[in-house]
Amino acid sequence: MDSSDEDERIPFSQRTEWSDVTPVPQDDGPNSVVAIAYKDDFRETMDYFRAVYLSDERSPRTLRLTSEAIEMNPGNYTVWHFRRLVLEALNSDLHEEVDFVAHIAENNTKNYQIWHHRRWVAEKLGTEAMSKELEFTTKILVGDAKNYHAWSHRQWVLQALGGWEDELNYCQLLLEQDVFNNSAWNQRYFVITRSPLLGGLQAMRDSEVGYTADAIIANPKNESPWRYLRGLYKGDNKLLINDSRVSSLCLEVLKTNPNCVFALSLLLDLLCYGFEPSTDFRSIIESSRNLDSDVQLATAVCCVLENVDSMRSNYWAWRKSNLPSKAC
């Protein structure tokens with residue numbers, strides 16, 4: 001509520017329609033340690049809200065009251081809860097409620113109560129709400145591309161209401177705008193593994209590996225596509241080491257970026273899973289750190305990682321001390 005609204009606001013005590021209601025003050029107990037200095041209009045609004053809440057009055061005026069209370073404090077879950085009860089009791093037009101939530105969300109995009117209420121409304125409206133909900137999350141993500149609440153709501157909409165048809169293209173667009181957007185990479189994985197239209201991970205793996213490899217070559221220090229690549233082989237280490245594109249990708253990156261932590265880390269895992277490397281790998285690792293030629297390659301990779309990834313040097317030292325015998 002802006003300053004002009006506050007200036008024009010008529011106190012509940014001066015509104016004829018509320019003359020029959022006795023406000024209920026907040027009870028902080030007999031010995032309040034630190035009393036909160038509420039503004040007068042907020043205190044009065046909540047006093048009247050407590051009155052109708054205790055009497056369980058579900059009427060048009062209580063719906064309007066909850067609107068004012070939410071404007072003042074969008075995080076009050078009790079007010080949102082009571083508003084839902086009133087909306088149901090009045091059989092209100094939930095399309096209008098969608099607009100109300102959108103208005104409140106303009107300056108409160110990370111307020112859990114708003115997203116919870118929005119989902120409740122969308123559930124009531126059913127599939128007809130799908131397009132508007134996707135548009136709503138798109139608008140939020142334009143201003144905050146990593147808004148967890150928006151992504152969570154969008155995934156719920158897709159699974160509950162539909163809208164899968166254009167979602168992969170949406171992810172593609174976001175990654176074209178910012179290939180470092182890890183939330184967009186996460187959504188892309190969600191789509192290829194959950195969409196009923198794409199055939200699942202197995203059907204999408206081949207094309208996705210190619211797409212991801214291109215992204216890695218373009219930006220080897222971008223962690224997101226490396227994580228995405230691993231996810232494409234989730235639970236199938238044998239397939240990971242047998243797909244020559246994976247080891248070739250590591251080799252290509254290490255030729256020009258011998259200290260690339262993500263390539264070294266993936267190479268280490270490949271070795272631990274039983275991958276048999278070509279001499280090209282050993283040449284790169286040995287030349288980058290002047291390591292002894294008789295050192296096990298997996299051990300050498302750990303030594304390099306201890307140096308180039310100093311923040312996790314203890315972890316790589318632990319990995320080195322726990323290498324499986326099959327690691328070359």
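Among the criteria (1) modelled with pLDDT of 90 or more; (2) surrounded by 16 or more Cβ atoms within 10 Å (Cβ to Cβ), the one GLY274 does not fulfil is (2). Residue-level analysis places GLU208 outside the set of residues that are open to solvent by less than 50 Å² (accessible area, probe 1.4 Å) and more than 30 Å from LEU268 (Cα to Cα). Of the listed requirements (1) open to solvent by 50 Å² or more (accessible area, probe 1.4 Å); (2) closer than 19 Å to VAL98 by Cα; (3) not aliphatic (A, V, I, L, M), LYS39 misses just one: (2). Being open to solvent by 30 Å² or more (accessible area, probe 1.4 Å), modelled with pLDDT of 95 or more and over 28 Å from the mean Cα position of the chain (by Cα) is the requirement here; does GLU286 meet it? No: the conditions fail for GLU286.
Each row is one residue, and each column tells you yes or no for (1) closer than 19 Å to HIS95 by Cα; (2) surrounded by 14 or more Cβ atoms within 10 Å (Cβ to Cβ); (3) charged (D, E, K, R).
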site	(1), (2), (3)
GLU123	yes, no, yes
GLY126	yes, no, no
LEU134	yes, yes, no
LEU141	no, yes, no
ALA145	no, yes, no
ALA150	no, yes, no
ARG154	yes, yes, yes
LEU161	yes, yes, no
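Only one of the numbered conditions (1) in contact with a helix residue (DSSP H, G or I) (Cβ under 8 Å, 6 or more places away or on another chain); (2) at pLDDT 95 or above; (3) more than 22 Å from ILE114 (Cβ to Cβ) is not met by PHE12, and that is (2).
Residues in segment 48-64 that are in a helix (DSSP H, G or I) and free of Cβ contacts under 8 Å to residues at least 24 places away in the same chain: SER55, ARG64.
Does any residue of segment 18-29 turn out to be open to solvent by less than 30 Å² (accessible area, probe 1.4 Å), more than 26 Å from LEU158 (Cα to Cα) and part of a helix (DSSP H, G or I)? Yes: segment 18-29 contains one or more residues that are open to solvent by less than 30 Å² (accessible area, probe 1.4 Å), more than 26 Å from LEU158 (Cα to Cα) and part of a helix (DSSP H, G or I). Among the residues of segment 158-191, just one is in contact with a Leu (Cβ under 6 Å, 6 or more places away or on another chain) and β-branched (Val, Ile, Thr), namely VAL191.
Scanning segment 47-106 for residues that are open to solvent by less than 60 Å² (accessible area, probe 1.4 Å) and hydroxyl-bearing (Ser, Thr, Tyr) yields TYR48, SER59, THR62, THR66, SER67, THR78, SER92.
So is VAL191 in a helix (DSSP H, G or I) and in contact with a Cys (Cβ under 7 Å, 6 or more places away or on another chain) or not? Talk me through it step by step, then tell me what you get.
Working: in a helix (DSSP H, G or I): yes; in contact with a Cys (Cβ under 7 Å, 6 or more places away or on another chain): yes.
Judged against the criteria, VAL191 is a match.
Would you confirm, using the coordinates I've provided, whether PRO277 is within 25 Å of the chain's Cα centre (by Cα) and farther than 27 Å from GLU167 by Cβ? It is false that PRO277 is within 25 Å of the chain's Cα centre (by Cα) and farther than 27 Å from GLU167 by Cβ.
For ALA203, are the conditions met, namely being of a type in the set (A, V, I, L, M), part of a helix (DSSP H, G or I), open to solvent by 50 Å² or more (accessible area, probe 1.4 Å) and closer than 25 Å to SER183 by Cβ? Judged against the criteria, ALA203 is a match. If the condition is being surrounded by fewer than 18 Cβ atoms within 10 Å (Cβ to Cβ) and of a type in the set (Ser, Thr, Tyr), then segment 222-261 contributes SER244, SER248, THR256. Here LEU198 fulfils each of the conditions (1) within 30 Å of ARG118 (Cβ to Cβ); (2) crowded, with 18+ Cβ neighbours inside 10 Å apart from (2).
The values are calculated or read from the model by the stated rules, or taken from the named source; none is laboratory data. Not measured: the values here are computed from a predicted model. Cβ coordinates were reconstructed from backbone atoms using ideal geometry, including for glycine residues, and neighbour counts include every protein chain displayed. Ligands, DNA and RNA are stripped out before the accessible areas are found, and what is left, the full protein with its side chains, is counted by its heavy atoms. Shrake-Rupley method; radii C 1.70, N 1.55, O 1.52, S 1.80 Å.
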